[in-house]
Amino acid sequence: MFLSLVRDGQSYWSYGFPAAIIVASGASFVYSTGALFIANCALPHEQSVAGALFTVMTQVSVQIHLGPLSPSYLVSFPCRDGAWVNLFV
């Protein structure tokens, strides 16, 4: 969302850097809390298997969702007011 608000001539540090930090910390937080939740739900002798299944399912879902997005490309076109709109297609 931060990157959609950037105007021409604005600094990378005002929008790009905070967006990168939020994305990285958000993914780390969700993964670690999910692993802890799975470990707490499983019985003590099943925690390693539950953690392995959580990791495998996370990796598989990431690969399934990133597959269709990899051939995408950026399209830029002008608007009526002279600004440019960037879309991922």
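Miscellaneous remarks
- Test result for residue 43, at pLDDT 85 or above and closer than 20 Å to residue 27 by Cα: no
- Filtered by the rule that a residue be of a type in the set (Ser, Thr, Tyr) and exposed (fewer than 11 other Cβ atoms within 10 Å of the Cβ), segment 14-69 gives 25, 28, 32, 33, 61.
Rundown of residues vs (1) at pLDDT below 80; (2) among the basic types (Lys, Arg); (3) assigned to a helix (DSSP H, G or I), yes/no style:
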| position | (1), (2), (3) |
| --- | --- |
| 13 | yes, no, yes |
| 24 | yes, no, yes |
| 50 | no, no, yes |
| 56 | no, no, yes |
| 72 | yes, no, no |
| 87 | yes, no, no |
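The values are calculated or read from the model by the stated rules, or taken from the named source; none is laboratory data. Nothing here was measured: the structure is a model prediction, and the numbers come from that model. Glycine also receives a Cβ, built like all others from the backbone with ideal geometry; neighbour counts cover every protein chain displayed.
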